[in-house]
Amino acid sequence: MATFEPVLTKGVGQLDLTDVAAYRKNGGFVALEKALKDMTPESIIAEVTASNLRGRGGAGFPTGKKWGFLPKDGRPRYLVCNCDEAEPGTFKDHMLLEQTPLQLIEGLILSAYAINAAHIVVYIRGEFLEGYRIFMRALSAAREAGYVGDNLLGSGYSADILVHRGAGAYICGEETAMLESIEGKRGEPRLKPPFPANAGLFGMPTVVNNVETLCCIPHILTRGAAWFASIGPPKSPGPKIISVSGQVQKPGNYEIPMGLPAGELLQDYAGGLLPGRTLKAIQPGGGSSAAIFAEDLHTGIDYDSLAAKQTMLGSGGFVVMDDTTCMVRASMTLVRFFEYESCGQCTPCREGGQWVHRILRRLEAGEGSDADLLVLNTINDTLTGTNLCPLGDSIMPFLLSVLRRFPQEFAEHVTLAGCPFDPARRMVAA
Amino acid sequence: MAEHGDAQAALIPFLQYCQEQDGYVTQQAVSDAAALTGITDGEVESIVSFYSLLFQHPVGKHIIHACRTLSCMLGGADRLHEHIRRRLGVRNGETSADGEFTYQEVECLAACDKAPCLQHNLQFHYNVTPEEFDRLLETWRAQPAGAALPAE
């Protein structure tokens, strides 16, 4: 059974961590007090770099390195917090925002101090109205207690936090689309380079960090880089929150040590499959990730182990599908997501997503043909790797992985002229 | 935000505020926003159309966003959505004949462990069965009118 001592979720569900006193009792603000008194920005960056913390938003880029890219040219710098969580199957930032907003605030102030950011902007997904309200209350309390605002804890350092509420668009979770959105524009990803480190928000040097990444910072500074780096694989260490959903006994957020085998997460944390079912596929890293299968359950949940399986840790959205689930229908649902959320700038993403969705709908409705299967098997060459941002490249990985694994299931939709999982029903969306 | 950049950074908060007052982004709000930020009406409309929580047309005072993405699908969202459409007499994206309820099937709401989930005026409801939906519908009908999507 699970024995890992939670770090990021310590006290969640037991204490009201939106309260300053309770958060302090839980170990909160120790890092901030220590850092503002005893640490230089450079030493914080060195500590975070040594911890090997990698960004928890999905890309897994080393956080210390990202901070180090900022040019030393005297222009004002921005720290932007990405709280626009919308990756299918992922609900960890939503939980952190609502349950431990002060941990996020502490991580924000520490990070802003480290990179000497003049301004902090938190981009909260528009749908997270309750989370926004909780965060605003926590922000007021932190300001009153002297952890946010001018001359923090008498250090001479000042930092305030502005909150921008999203208005509904998955693509704004892509960092340059997020910057466009904060600037009051359509959330369309920018051509890179220049990268945000050089030309980010309002053209200024900017770092965009994910909620969970920022929540790791206080713990790295309190307990040390060596402690953090010792949890899990050295190149991919730390505690990690995995959002488990789908056909399991106990869906939920579970904080695990990086590198935990997928099978242990499924069995020991999430209670295993529903009675009488067998495992068919797991999407281990959100809607953009390729599936893993029963023989992959020994695979460690970390950036490098999953990459070796041609998939990714991504956002940590772990969606479990058993033998009752139709892979055409699962793929159709995900492709429809990307079709709907495409910003439309790049033709392969905009048109390709619609095309693949129409094919999968036809197959599920019993109107598919062998020609449709041929297109599914070949369209990847022109659809993937031809877009400005990763959204377009996220349309195909899950579909391709299950198409390769279950080709007969896709072919049956043609030969049976319908879905073998539900012959009475012709799948037609509203 | 505008104090940190240019005036356009105030655009989305301004539109959110207007929508809270009027229920949707009216033509007047578009013109006011254009004047405020120094861009054209057309550019404002292009921005409004980009975001799913900004409405270009009147909507009901109850807005139901029902998640349809993978985890909710696995949790029975299709059956729930059919039930909701039948109960409200609408197709996806429509407003009920009495003008009260606007129904929209949406993408992942980040509450996948409590599937299927939906939002009513951005308030979450979890593990919603058709029976639970009927019960919720009664409580919503009894509620006084307020801003459908509070901007704060």
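The values are calculated or read from the model by the stated rules, or taken from the named source; none is laboratory data. Computed from a prediction, not measured in an experiment: that's the story for all the values here. Don't worry about glycine lacking a Cβ; one is built from the backbone with ideal geometry, like all the others, and counts go over all protein chains shown. Note: accessible area is taken over every heavy atom of the protein model, side chains too, but ligands, DNA and RNA are not part of it. Shrake-Rupley method; radii C 1.70, N 1.55, O 1.52, S 1.80 Å.
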| Any residue in the range A:371-379 that is assigned by TED's automatic domain parsing to the domain that holds A:F410, closer than 30 Å to B:S46 by Cβ and open to solvent by 20 Å² or more (accessible area, probe 1.4 Å)? | no
| field | Long-range neighbours under 7 Å by Cβ, at least six apart or interchain, first residue at the interface with chain B (Cβ under 8 Å from one of its Cβ atoms) within the range A:109-137, second surrounded by fewer than 24 Cβ atoms within 10 Å (Cβ to Cβ) and in a helix (DSSP H, G or I) | value | A:H119/B:H4; A:E130/A:E98
| request: Considering only the range A:327-364, state which residues are open to solvent by 30 Å² or more (accessible area, probe 1.4 Å) and over 16 Å from A:P189 (Cβ atoms). | output: A:R329, A:E339, A:Y340, A:E351, A:Q354, A:W355, A:R358, A:R361, A:R362
| note | Of the residues in the range A:76-102 that are open to solvent by less than 10 Å² (accessible area, probe 1.4 Å) and polar (S, T, N, Q), the one that is farthest from the other protein chains (Cβ to nearest Cβ) is A:T100
| said: Can you pull out every residue in the range A:239-255 that is part of a strand (DSSP E or B) and farther than 19 Å from A:T311 by Cα? | reply: A:P239, A:V248, A:G252, A:N253, A:Y254, A:E255
| note | Going through the range A:151-183 in order, the residues found to be of a type in the set (D, E, K, R) and free of Cβ contacts under 8 Å to residues at least 60 places away in the same chain are A:D160, A:R165, A:E180, A:E183
| remark: Those residues of the range B:79-90 which are without any contact (Cβ under 8 Å) to a residue 12 or more places away in the chain and over 12 Å from B:P130 (Cα atoms) amount to B:G89
| Looking at A:F202, A:F135, which one is aromatic (F, W, Y) and open to solvent by less than 10 Å² (accessible area, probe 1.4 Å)? | A:F135
| task | Filter the range B:1-30 down to residues that are of a type in the set (G, A, S) and either within 14 Å of the chain's Cα centre (by Cα) or open to solvent by 40 Å² or more (accessible area, probe 1.4 Å) (or both), then give me how many there are. | result | 2
| request: State the number of residues belonging to the range B:45-71 that are within 12 Å of chain A (Cβ to nearest Cβ) and out of contact with any Asp or Glu (no Cβ under 9 Å at 6 or more places or on another chain). | output: 10
| query | Going by the conditions given, is A:G146 farther than 17 Å from A:Q345 by Cα, away from chain B (no Cβ under 13 Å) and either touching a strand residue (DSSP E or B) at 6+ places or on another chain (Cβ under 7 Å) or surrounded by fewer than 16 Cβ atoms within 10 Å (Cβ to Cβ) (or both)? | reply | yes
| Hey, any hits in the range A:224-232 for a residue that's open to solvent by less than 30 Å² (accessible area, probe 1.4 Å), in contact with a strand residue (DSSP E or B) (Cβ under 7 Å, 6 or more places away or on another chain), more than 24 Å from A:H119 (Cα to Cα) and in contact (Cβ under 8 Å) with a residue 12 or more places away in the chain? | yes
| field | Candidates A:A197, A:A141, filtered to the one that is surrounded by fewer than 24 Cβ atoms within 10 Å (Cβ to Cβ), in contact with a Phe, Trp or Tyr (Cβ under 6 Å, 6 or more places away or on another chain) and more than 12 Å from chain B (Cβ to nearest Cβ) | value | A:A197
| field | Considering residues of the range A:172-194 that are within 18 Å of the chain's Cα centre (by Cα) and open to solvent by 10 Å² or more (accessible area, probe 1.4 Å) only, the residue nearest to the other protein chains (Cβ to nearest Cβ) | value | A:G173
| task | Please indicate, with yes or no, whether at least one residue in the range A:331-346 is closer than 21 Å to A:I171 by Cβ and away from chain B (no Cβ under 13 Å). | result | yes
| query | Out of (1) over 30 Å from A:I171 (Cβ atoms); (2) crowded, with 21+ Cβ neighbours inside 10 Å, the odd one out for A:P41 is which? | reply | (2)
| message | It is to be established whether one or more residues within the range A:266-280 are β-branched (V, I, T), surrounded by fewer than 22 Cβ atoms within 10 Å (Cβ to Cβ) and either assigned by TED's automatic domain parsing to the domain that holds A:E180 or not in a strand (DSSP E or B) (or both). | response | yes
| Which ones in the range A:244-256 are within 17 Å of the chain's Cα centre (by Cα) and either free of Cβ contacts under 8 Å to residues at least 60 places away in the same chain or more than 9 Å from chain B (Cβ to nearest Cβ) (or both)? | A:G252, A:Y254, A:E255, A:I256
| Pick from B:Q143, B:Q119, B:Q104, B:Q123: which is of a type outside the set (A, V, I, L, M), within 16 Å of the chain's Cα centre (by Cα) and surrounded by fewer than 15 Cβ atoms within 10 Å (Cβ to Cβ)? | B:Q123
| request: Go through the range A:1-91 and tell me which helices (runs of 4 or more DSSP H), entirely inside it, have 3 or more residues that are at pLDDT 95 or above and hydroxyl-bearing (S, T, Y). | output: A:41-51
| task | Would you tally the residues in the range A:303-341 being touching a Leu at 6+ places or on another chain (Cβ under 6 Å) and of a type in the set (S, T, Y)? | result | 3
